[in-house]
Amino acid sequence: MAIRCGVLPLYLSRTAPKSCHHCGKPTLSHVSLISHALCCKFIDYGPVFRHNELRDAVARVLRRHGFSCTVEPRYFSKYYTDGVQHRPDLVVTSLAQPIATDFSVNAQQKDQPGVAAAASASTKIKTHRVAVESAGATFIPFCLEAHGYCDNSAKRFVAHVVETRPKFEAAQIYRDVFQRQTVSATLCRARVKAVISACLHQDDFEADGGLERGEGIGQYEGLAA
């Protein structure tokens, strides 16, 4: 809630920089610092980290429910015709027809929730669908926004994966993916780490015990509510 309201706790507000430590962009207010932290590509826990955390979290949940998944499958590459070595992020192989997806967690456009995620979903369909279908699989993107907005593409992906399971089991999987320590929790922790990274130097990380080890982060958890 703090991040969504553009507020930093006292501990971080005392050290909040007037410009990004990583790229130099001015961040003259808490609102601008938080907004920048969620989109800066040079921050230690930025978009790439957030994307990979989400990909791995969804794969873990699906495997826990008995689905076979392959992360970053390379066997699709030969079906792309633009000369770029594309590949989807995840393919669920234990289905009559495999389902592939590609994840994105976009920074929300100001006062326009959903616009960035919808645009990303459209781009991913153009990039991946023909190649994936040529390989005999179905492609459905999985697009979100950093503040938590969930595009319908993500819901369609999970719905297609679980459609052959009994209704009670499908509902449980759906909840596990979107609510219980997967999508919502992953985005929550990623927001916290990105904002801390934008506020503190690497020396400060080490002094606090190291975010990568999960130490010292308890005092910041209020940011993620």
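Here are a few things to note about the model shown:
- Once both labels are positioned 7 Å from their Cα atoms along Cα-to-Cβ, the gap between CYS23 and VAL115 label points is 1.9 nm.
- Peptides 128-136, 87-95 ranked from most to least packed, by the mean per-residue count of other Cβ atoms within 10 Å: 87-95, 128-136.
- Sites GLU163 and GLU133, calculated FRET efficiency, Cβ-Cβ separation with R0 22 Å, nearest 0.05: 0.75
- Put a dot 7 Å past the Cα of GLN85, heading toward its Cβ, do the same for SER32, and the two dots end up 4.1 nm apart.
- Of the peptides 23-31, 59-67, 76-84, 112-120, the ranking by mean beta-carbon count within 10 Å, highest at the top, reads 112-120, 59-67, 23-31, 76-84.
- Separation between Cα centres of region 34-104 and region 155-179, rounded to whole Å: 18 Å
- Dividing the convex hull volume of the alpha carbon atoms of region 52-107 by its residue count gives 94 Å³ per residue.
- When the pairs LYS110/LYS155; LYS126/LYS155; LYS167/LYS193; LYS78/LYS167; LYS18/LYS124 are compared against a 26 Å limit on Cα-Cα distance, LYS167/LYS193; LYS78/LYS167; LYS18/LYS124 fall above it.
- Global form of region 65-168, assessed from the alpha-carbon gyration tensor, a/c cut-off 1.5: oblate
Values in this text are rule-based calculations from the coordinates and carry no lab data. Because the structure is a prediction, the values reported are computed rather than measured. Because the Cβ atoms are built from the backbone with ideal geometry, glycine has one as well, and the counts that use them run over all protein chains shown.
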